[in-house]
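What follows is one structure encoded as structure tokens, with my remarks underneath.
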Amino acid sequence: QVQLVESGGGLVQPGGSLRLSCTASGTMFDTYAMGWYRQAPGKQREFVAHIISGGITNYADSVKGRFTISRDNAKKTVYLQMSSLKPEDTATYYCKMVGANYWGQGTQVTVSS
């Protein structure tokens, strides 16, 4: 049984930074691509960033240059470093084990003054 547990969300002012973490249990973490997605109230869940097992990354245009995805295979953890946050980044952020289709429970990020 795979479990993904996110942490690191919270309230931050515009222009601030947060780092989200997602730790996996029960699987060969290093063989899977990992992704971050987000869902704002009343909107569809959308792609934010992916990282494959070899470290190649891909980002949504809306976060490119502001967000950085990384992974530590020894810790079975994927990170999302978010900088220059904007109010429109407010959403629940979910991590996903791509290919295995497992999702975490989500962590809320609110960007507001």
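The values are calculated or read from the model by the stated rules, or taken from the named source; none is laboratory data. Just so we're clear, the structure is a prediction, and the values are computed from it rather than from any experiment. In this analysis, Cβ positions are derived from the backbone assuming ideal geometry, glycine residues included, and neighbour counts consider all displayed protein chains. For the accessible areas, the whole protein counts, side chains as well, though only heavy atoms, and no ligand, DNA or RNA atoms are used. Shrake-Rupley method; radii C 1.70, N 1.55, O 1.52, S 1.80 Å.
Worth pointing out:
- Expressed in units of 2.2 N^0.38 Å, where N is the residue count, the Cα radius of gyration of segment 8-53 is 1.43.
- A40-I52 pseudo-label distance in nm [points 7 Å out on the Cα-to-Cβ vector]: 3.1
- Percentage relative contact order, the chain, counting C-alpha pairs under 8 Å, at least six apart: 37
- Calculated on the Cα set of segment 46-102, radius of gyration then Dmax: 11.7, 34 Å.
- Computed over protein heavy atoms with a 1.4 Å probe, the accessible surface of the chain works out to 52 Å² per residue.
- Accessible carbon and sulfur surface of the chain relative to its total accessible area, %, 1.4 Å: 47
- Of every Cα-Cα pair in segment 1-108, the percent that sits beyond 16 Å: 53
- Lysine pairs meeting the criterion (Cα under 27 Å, 8 or more apart or interchain), as found in the chain: 10
- Simple point charges give the picture: +1 on the Cβ of Lys and Arg, -1 on the Cβ of Asp and Glu, and for the chain a dipole about the Cα centre of about 20 debye.
- Extension gain for the segment Q3 to S112, taken as residue separation times 0.36 nm less the Cα-Cα distance, is 36.2 nm to one decimal.
- Full extension of the chain between Q81 and A60 yields a length gain of 6.1 nm, computed as 0.36 nm times the residue separation minus the alpha carbon distance.
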